[in-house]
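To start, the structure under review is shown below, and the notes come after it.
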Amino acid sequence: MNTVFKKSTPGREGVWPAKPGKAAPDLLPAGLLRGASANLPSLSELDVVRHFTGLSQLNYGVDGNFYPLGSCTMKYNPKFAETVAALPGFTRLHPMLPQLKGAGRLCQGALEVMYETEQLLCEICGMKAFTLHPMAGAHGELTGVMIIAAYHKDKGNKKTKIIVPDSAHGTNPASAHIAGFDVVNLPSKDGIVDPDELAKVLDDEVAGMMMTCPNTLGLFEKNLPRIVEMLRGVDALLYYDGANMNAIMGKMRVGDAGFDVVHLNLHKTFATPHGGGGPGAGPVGVSERLVPYLPISRVEKLEDGQFFLNYDFPKSIGYVAPFYGNFGVVLRAYAYILRLGKAGLVRATEAAVLSANYLRKRLDKVLEVPFDRVCMHEFVASACNMSECHVRALDIAKALLDKGYHAPTIYFPLIVKEALMFEPTETESLDTLDQFADDLIAILAEAEKNPEFVTGAPRTLPVTRLDETRAARNMELTDDL
Amino acid sequence: MPYVPHTPEDIRRMLDVIGAPSVESLFDEIGPEMRPKRFDLPEGQSEMDVLAHMEALAAKNVSGQVSFLGAGFYDHHIPAAVDALSMRSEFYTAYTPYQPEASQGTLQAIFEYQTAVTRLTGLPYANASLYDGGTALFEAAMMSVRHTGRRKLVVCEAVSPIYRVMLNSYTSNLHLELVTIPHKNGVCDLAALTAALDADTAAVIVQNPNFFGAVSDFSNLFASARAAGVVSIISVYPVLQSVLKTPGEMAADVAVAEGQSLGLPLSFGGPYLGIMTCNKALVRQMPGRVVGRTVDGQGRTGYVLTLQAREQHIRRQKATSNICSNQALCALRALLYLCLVGQEGLTRTANLCLERAHYAAERLTAIPGVARLSGSAPFGNEFAITLPVNAYQVIDKLTSRGVVPGFPLGRYYAGLENALLVACTEKTSMESIGIFAEMLRGSL
């Protein structure tokens, strides 16, 4: 499809405001004004509607397609949460209102949403306090590691290293690095963290360790109590990457299990839409000893039931967001938690784990599952059988697209060859899982007879495989290059 | 149970296939010492009840105020089609476009967004967006540190204090030196900024219009920076970029912006949109996602995420940033906004903002004891005034009468306790400006 800029017709009227009485040249010196026009398109409203409706039809989304994308928790996003987020009482609220003395009274509803959401997340995770400020999962990681750094600095500890298991998301080492730490890679054993391996890298310079539990193989880290004890021995803190929180709601609380910091991905576990890659939200919870270091501001409740923002935390890491995080995303998550309640959240976790295990058993005869035991909410299979790779994960992924499915996560985690990571989530029915398994089994059978069937996929989509090398070399990042 | 479709019969069939006696048995690996000590949450509610609760909370926020509060975040009109189109589920329920063949809609939209924002700033390259304007400014600073190998950042004090405190937090563990050059009555001190540039300086960071609303031409500062091997970073207000001299025309190296004003509601602080554009020398230092144009096996045009060798999933701790998402839906909204208002509509919007703000400045400074902080310095849609009394006093009085008069500059700037920052947009009516002026006159 042509770009929207190519569809521009000079002079065509869009959604224009009234004509102003004065213009920039009447009010500002000529030297401060732009020379050439920005050359934005001139289109009618219908031109724009046609163009973007057309573009939307080139996409897969959860509403139209099963999305078993491991580690991303692509569950259904209930529509009523969108209604909530669009309430004018919330959307029109200026974020600086509460900074005007006394004006906190103008936004009590919003402050109450923030306060109550923090309380609910504390209870779900067993943490002492939460901040809603981080604007994405990776941002939550960075905030959490900054809190770890502030804790050690305050105690006078000389700590320079963060341990990250090899099964972790790539964001973990990048976040630790940006927070100023050296990253120590920890190899896993039999799919999980091994205390003996940990002992080899654990010393007094270790500030903390970032764990995903269940880990990215979908396996529960059953040595956790031992790991907690070892870290305590050197005053190192334990970080919980909440990307996989959907596996443990009501079954484990990370605070009770000994973690000091946790970030959640509201766009995963708490059903806010992924939006094609954002916005998300990555709230961070901490244990009691880390509360003084949380970002400012913090919402508090007074005895008379009023809410206000407190900026007076001298040990705080400071500001990680301009205001209070992605409030519009928090609203959706808050409404979702209220709707499900205690039983609903537990049921979501149970169904997510049940569905993952069911799909694993349906597929483990046709795909190798390297750690073929009870998994949590996701599992990792390999396209290779006994290290013989007849078909590639990428090709399976593309063939699935042709069948109307989004592909599973591929080539992650790096420790499994030709990895395919499946996470069906709790919102998909047994019929969908069965149809998906049948279709995948058929694809693999066809691929064995006729490899071109998968290597030539996809065939039914707007484009076939794209030349990524050319994209990186030509760097054509805009319509003007 | 809402949103979980499994019937008891489904669950039985699934457990049979798994060979597990019960759902609970699937959690056996979570030992007793790791089990929750409590899980004391409320019972679930019907959709109707949750909606009623949320409506009641929304109603606790006061509405209907006439507001002159901006400070970098502005209440602009959002065409209805922005909501209608961005709420198409194919956009908002999609994931990051890692499977490009099934994500051409998202990818082409981001490519078009990248094009639109480069046209606004006049710099040729853009990324797919970042969390917000403050994050974009920090990431721009880090680009300059990597590019130059230097560790000092020279920042104008008239850059948004909200962004400067974020810079402080982020750089505190990275052994970077932040040097802040004081503003002069709300205007950037160009001579002092120029004098501060030296062989250790990675970047000079300014904002246009600055936090006080003042508009400047930074061309000479940026030329001096270039001569000293210093990267020039400028934060801009995208709506006014339709009329103001562009970062490209000033020869900046990186231009960032808060994109909220382009079709995103204020929504109490987020989600917002961090716009980042840069010149060619810095492209490979850009953080986050980038979309590029290419072809498929049949030679048809298509779009992919590109330059991924910079990113965390490949480079791990050596990545240019830990950011692994963009604000795709917000970027889409900004693009929709720019397409719907178009060249003429955005220019009109900018001019209306200027016109209203200049009228407001005229009306307010006609009140005895009220003057512009920056004298006759040029300004855009926002300006600072000094009052004969503490600004909080005026805010207290006027907000209780339905007018939010602006932002008290003393909140961030010592010595400016009597100064008020006043913003207008195309939504600010001439009548409301008159009411504000009369109310202020009466309160002094």
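Translational diffusion of the stretch B:80-335, estimated by Stokes-Einstein from the Kirkwood radius over alpha carbon pairs at 4 °C in a medium of 1.567 mPa s, is 70 µm² per second. Would you mind classifying the stretch B:147-186 by shape? Square roots of the alpha carbon gyration tensor eigenvalues, ordered a ≥ b ≥ c; an a/c under 1.5 is rounded, otherwise it is prolate if a/b is larger than b/c and oblate if not. Oblate, because a/c is 1.5 or more while a/b does not exceed b/c.
Considering only B:Gly229, A:Ile296, B:Thr306, and ranking their Cα positions along the charge dipole of the protein assembly as shown that arises from unit charges at the beta-carbon of Lys, Arg, Asp and Glu, the one farthest toward the positive end is B:Gly229.
As a ratio to 2.2 N^0.38 Å, the alpha-carbon radius of gyration for the protein assembly as shown is 0.92.
Here the dipole of the stretch B:291-359 is about 320 debye; that uses its Cα centre as origin and unit charges on the Cβ of Lys and Arg (positive) and Asp and Glu (negative).
Computed on chain B, with alpha-carbon pairs under 8 angstrom and 6+ residues apart, the relative contact order is 20 percent. The alpha carbon radius of gyration of the stretch A:1-160, expressed as a multiple of 2.2 N^0.38 Å, is 1.60. Ligands, DNA and RNA excluded, the heavy atoms of A:Cys122 present near 20 Å² of accessible surface to a 1.4 Å solvent probe. The Cβ shell under 10 Å around A:Phe436 holds other residues with a net charge of -3, Lys and Arg each +1, Asp and Glu each -1.
Placing unit charges on the Cβ atoms of the charged side chains and taking the dipole of chain A about its Cα centre, the candidate lying farthest along the positive direction among A:Leu28, A:Leu231, A:Tyr60 is A:Leu28.
Percent of accessible area on the protein assembly as shown owned by carbon and sulfur, 1.4 Å probe? Percent of accessible area from carbon and sulfur atoms in the protein assembly as shown: 51. Here the Karplus relation 6.51 cos²θ - 1.76 cosθ + 1.60, evaluated at θ = phi - 60°, turns the backbone of the stretch B:295-303 into coupling constants of 10, 9, x, 9, x, 7, 5, x, 10 Hz, with x for every Gly and Pro. The smallest convex shape that holds all Cα atoms of the stretch A:81-338, its convex hull, gives 123 Å³ per residue. The shape of chain A can be summarised by an equivalent ellipsoid whose semi-axes, obtained from the alpha carbon gyration tensor, come to 37, 35, 22 Å from longest to shortest. The spacing between the stretch B:1-80 and the stretch A:116-176, judged by their C-alpha centroids, is 23 Å.
Cross-link reach is defined here as a Cα-Cα straight distance under 20 Å, omitting same-chain residues fewer than 8 places apart; for B:Lys184 the aspartates and glutamates meeting it are B:Glu157, B:Asp217, B:Glu382, B:Glu417. Using the Cβ of A:Asp47 as centre and a radius below 9 Å, the other residues enclosed give a net charge of +2, where K and R count +1 and D and E count -1. Put a plus charge on the Cβ of each Lys and Arg, a minus charge on the Cβ of each Asp and Glu, and nothing anywhere else: the dipole of chain A about its Cα centre is then about 1120 debye. Taking the C-alpha atoms only, the angle from helix B:8-18 to the longest principal axis of chain B is near 70 degrees. With θ taken as phi - 60° and the Karplus curve 6.51 cos²θ - 1.76 cosθ + 1.60 applied, the whole-hertz 3J(HN,Hα) list for the stretch B:433-441 is 5, x, 4, 4, 4, 5, 5, 5, 4 Hz, x standing for glycine and proline.
Other residues whose C-beta falls under 9 angstrom from the C-beta of A:Val183 contribute a net charge of +1, scoring Lys and Arg +1 and Asp and Glu -1. P(r) tail, the stretch A:348-481: Cα-Cα pairs separated by more than 20 Å, 49% of all pairs. Am I reading the B/A interface right? What is its buried accessible area, both sides, 1.4 Å probe, to the nearest 100 Å²? Using a 1.4 Å probe, the pair buries roughly 17000 Å².
Measuring how big the stretch A:112-151 is from its alpha-carbon positions, Rg and Dmax come out at 10.9, 30 Å. Among the cysteines of chain A, those with no neighbouring cysteine Cβ under 4.7 Å are A:Cys72, A:Cys107, A:Cys122, A:Cys125, A:Cys213, A:Cys375. Here the scattering of the stretch B:299-409 is modelled by Debye summation over its C-alpha atoms, one equal scatterer each and no solvent; at q = 0.13, 0.14 Å⁻¹ the log10 of I(q)/I(0) is -0.80, -0.83.
A 1.4 Å probe run over the protein assembly as shown, with the rest of the protein chains in place, finds 32 Å² accessible per residue.
Rolling a 1.4 Å probe over the protein heavy atoms leaves B:Arg293 with an accessible area of roughly 40 Å². For the residue pairs A:Lys365/A:Lys449; A:Lys189/A:Lys361; A:Lys6/A:Lys268; B:Lys37/B:Lys318, the alpha carbons lie more than 28 Å apart in A:Lys6/A:Lys268; B:Lys37/B:Lys318. Counting only residues at least eight positions apart within a chain, or on another chain, the lysines with an alpha carbon under 21 Å from that of B:Lys60 are A:Lys101, A:Lys301, B:Lys397. From the alpha carbon centroid of the stretch A:323-376 to that of the stretch B:289-350 is 29 Å. Ranking A:Ser382, A:Val366, A:Ala18 by how far each Cα lies toward the positive end of the dipole of the protein assembly as shown (charges on Cβ) leaves A:Ala18 at the top.
Over chain B, the reciprocal of the mean inverse Cα-Cα separation, the Kirkwood hydrodynamic radius, stands at 24.3 Å. For A:Thr464, the solvent-accessible surface with a 1.4 Å probe is about 20 Å², rounded to the nearest 10. Which parts of the stretch B:210-246, residue by residue, lose 40 Å² or more of accessible area when the rest of the protein chains are there, as against the chain isolated (1.4 Å probe)? Residues meeting the cut-off: B:Val243, B:Lys245. Comparing the full protein assembly with the isolated chain, the residues of the stretch A:275-311 losing at least 20 square angstrom of accessible surface (1.4 Å probe) are A:Gly275, A:Gly276, A:Gly277, A:Gly278, A:Pro279.
Grouping the Cα pair distances of the stretch A:115-179 into 10 Å bins from zero gives a pair-distance distribution of 19, 42, 35, 4 percent in increasing distance order.
Cα centroids of the stretch A:252-288 and the stretch A:15-84: how far apart, whole angstrom? Here the answer is 29 Å between Cα centres. Dipole check for the stretch A:4-56: with +1 at the C-beta of Lys and Arg, -1 at the C-beta of Asp and Glu, and the Cα centre as origin, the magnitude is about 100 Debye. Listed by chain and number, the aspartates and glutamates placed with their C-alpha closer than 19 angstrom to that of A:Lys200 are A:Asp166, A:Asp182, A:Asp190, A:Glu221, A:Glu229, A:Asp235; residues fewer than eight positions away on the same chain are left out.
3J(HN,Hα) along the stretch B:168-178, derived from phi through the Karplus expression 6.51 cos²θ - 1.76 cosθ + 1.60 where θ = phi - 60°, amounts to 4, 4, 5, 8, 5, 9, 10, 6, 9, 9, 9 Hz, with x in place of Gly and Pro.
The values are calculated or read from the model by the stated rules, or taken from the named source; none is laboratory data. Owing to the predicted nature of the structure, the values given are computational and were not obtained by experimental measurement. Glycine also receives a Cβ, built like all others from the backbone with ideal geometry; neighbour counts cover every protein chain displayed. The protein model used for the area step is the full one, side chains on, heavy atoms only, and it has no ligands, DNA or RNA in it. Shrake-Rupley method; radii C 1.70, N 1.55, O 1.52, S 1.80 Å.
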